[in-house]
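J.: Once you've had a glance at the structure underneath, I'll fire off some questions.
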Amino acid sequence: MTSSGTNRGGPPGPAPAGPAPSSAAWELLLPAASAPPRARGRTLQAALREAVRSGRLAPGTRLPSSRELAADLGVSRGLVTEAYGQLTAEGYLRSDRGAGTWVGGAVRAVGPRARDRAPRPAGVRADFVPGTPDLSLFPRSAWTAAHRAVLAELPHQALGYPDPRGLPRLRTALAELLVRRRGVVADPERVIVVSGVAQAMTLLGFVLHARGTPGVGVEDPGSPELGALFASAGVATVPLPLDDEGLAVAPLEASGVRAVVTTPAHQFPTGIAYSARRRAELLGWARSVDGLVIEDDYDGDFRYDRAPVGALQGLDPEQVAYTGSVSKSLAPGLRLGWLLVPASHFEEVVERKRTMDLGNPALDQALLARFVERGDYDRQLRRCQRAYRERRDVLVAALDEHFPGTEVSGIAAGLHAVAALPGRYGPQDRFLARAAAAGVVVRPSAHYGATAVDGARPVDDVRLVLGYAHLPPVRIRDGVRLMAEAVRDQGFDDRSSTS
């Protein structure tokens, strides 16, 4: 390799000769020489561009002359001249008359490659954080078959910008599914396909904000994400307490809000189901103030002791907005869900959806539609229901074995359970610290807000919200055992006088 000068500041004029740049930098250009003749120029340009972006060729580095580099690489001089000219026009290089060609200063070296910021705790022996299904149950074979079939049958025009409400085929399939399984009132023309419940909440937040709604009531305890979702739309959240029948109506009436988010089929995190009386009272409130009840049916399909209670929306579709997704039944990474809203809000929500993302991916929608139409989605729900019911039973048995006297509250449903350990295992802060030291991740109920249903429990009690759906039975048993061993190591369970 012939030598060339280097000046880190870049030359205002002719530059003095200096040591040649590292030969390792020029090795990045060698593939250009062996590329097919037609691709050789593009390959050389791409290699030079990447060398500058990555910092292998630093700003101010003088490049060999076109003649020298062509000789080193064994390519024509015209090819190198064209590459230099193209990258000079783009700003990667600069050329000063009489001073040669230099790496320009406009480019900043890129940092490390993209990192994965998905919440996956490292170094954990057992993770009981709720909210995730067992992703190993995802029906890969059936999904692959549906994908191939959809690609073969999907009309070309369906790959254009979709109806912001969603593909008619998917809206029709979802309407039939929700009427049959959840008892909702669902006209396909009123179904809106969304990127999960989070987008549904954000859409409603924008519409409520545009209407001048200052705040939305939320269950306390409840999902900690709601505050940020509504805040992004300019709407504040107002925490409202629960009792053992559901959202307490008197505080709701006193709050002055005219919209409230609820999880009536299986409240998160307490695990209760709203009573029939409370459902009626909640709808009575909505009618009296012309308000909006937002029903999050996040895991309504999973009830293990009886048939699931139908959705609240079925009782009054003009006062209830209903939303759900495939995040618990298939996988949250699919980012597919649905939203049904009253006629009074429908057009505003659709217009906001259009301006937000121009609609969900058409191919994914067609794939889910076929999956639902052929009965694959029902089969998946049955498969998950069997697995999750078994895992809940395993969790309850393991708690009974290793933490005698534990009370598991809430209905037998969903993907999590609430466990109140006796006082001898407390205080809670020390229990959580010891569990964490043993590599067990758990969430106390206080993480999700006020303790509502059992607010009078002793202060030493350990009250946990335990997710189990994502853990195979052996991991559930091992995780509970690890917690028990951490407790025994500290002698907590010898404090029998406080039990």
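The values are calculated or read from the model by the stated rules, or taken from the named source; none is laboratory data. Just so it is clear, the structure is predicted and the values come from calculations on it, not from any experiment. Cβ coordinates were reconstructed from backbone atoms using ideal geometry, including for glycine residues, and neighbour counts include every protein chain displayed. Side chains are part of the model used for accessible areas, which takes the heavy atoms of the whole protein and leaves out ligands, DNA and RNA. Shrake-Rupley method; radii C 1.70, N 1.55, O 1.52, S 1.80 Å.
J.: Could you please find all residues in segment 334-348 being touching a Ser or Thr at 6+ places or on another chain (Cβ under 8 Å) and either under 16 Å from Gly205 (Cα atoms) or open to solvent by 10 Å² or more (accessible area, probe 1.4 Å) (or both)?
T.: Leu334, Arg335, Trp338, Leu339, Leu340
J.: Next up: Which of the residues belonging to segment 393-414 are closer than 20 Å to Phe268 by Cα, open to solvent by 30 Å² or more (accessible area, probe 1.4 Å) and in contact (Cβ under 8 Å) with a residue 24 or more places away in the chain?
T.: Listed by number, the residues that qualify are Ser409, Gly410, Ile411.
J.: For segment 157-172, enumerate the residues that are part of a helix (DSSP H, G or I), at pLDDT below 95 and open to solvent by 30 Å² or more (accessible area, probe 1.4 Å).
T.: Gln157, Leu159
J.: Right, next: If you check every pair at least six apart or on different chains, which have Cβ atoms under 7 Å apart with a residue in segment 67-88 that is open to solvent by 30 Å² or more (accessible area, probe 1.4 Å) first and a residue that is in a helix (DSSP H, G or I) and polar (S, T, N, Q) second?
T.: Filtered contacts from segment 67-88: Arg77/Ser66; Thr81/Ser66; Gln86/Gln45.
J.: Output the residues belonging to segment 465-495 that are modelled with pLDDT of 85 or more and either out of contact with any helix residue (DSSP H, G or I) (no Cβ under 7 Å at 6 or more places or on another chain) or in a loop (DSSP other than H, G, I, E, B) (or both).
T.: If the condition is that a residue be modelled with pLDDT of 85 or more and either out of contact with any helix residue (DSSP H, G or I) (no Cβ under 7 Å at 6 or more places or on another chain) or in a loop (DSSP other than H, G, I, E, B) (or both), then Gly467, Tyr468, Ala469, His470, Leu471, Pro472, Val474, Arg475, Asp478, Gly479, Leu482, Glu485 are the ones that fit.
J.: Now, a different point. Looking at segment 260-314, which of its residues are among the aromatic types (Phe, Trp, Tyr) and in a loop (DSSP other than H, G, I, E, B)?
T.: Phe268, Tyr274, Tyr298, Phe302, Tyr304
J.: Among the residues of segment 321-360 satisfying the criterion of being in a loop (DSSP other than H, G, I, E, B) and free of Cβ contacts under 8 Å to residues at least 60 places away in the same chain, which is farthest from Leu177 (Cα to Cα)?
T.: The extreme case among them is Pro342.
J.: Looking at (1) assigned to a helix (DSSP H, G or I); (2) farther than 22 Å from Leu334 by Cα; (3) open to solvent by less than 50 Å² (accessible area, probe 1.4 Å), find the lone condition where Ala433 falls short.
T.: (3)
J.: Go through (1) in contact with a Ser or Thr (Cβ under 7 Å, 6 or more places away or on another chain); (2) among the hydrophobic types (A, V, I, L, M, F, W, C); (3) not in a helix (DSSP H, G or I) one by one and return the number of the condition Val107 breaks.
T.: Going through the list (1) in contact with a Ser or Thr (Cβ under 7 Å, 6 or more places away or on another chain); (2) among the hydrophobic types (A, V, I, L, M, F, W, C); (3) not in a helix (DSSP H, G or I), Val107 breaks only (1).
J.: Select from segment 240-257 the residues that are of a type in the set (D, E, K, R) and within 17 Å of Ala276 (Cα to Cα) and write down the one among them that is most open to solvent (accessible area, probe 1.4 Å).
T.: Per the criteria, the residue is Asp244.
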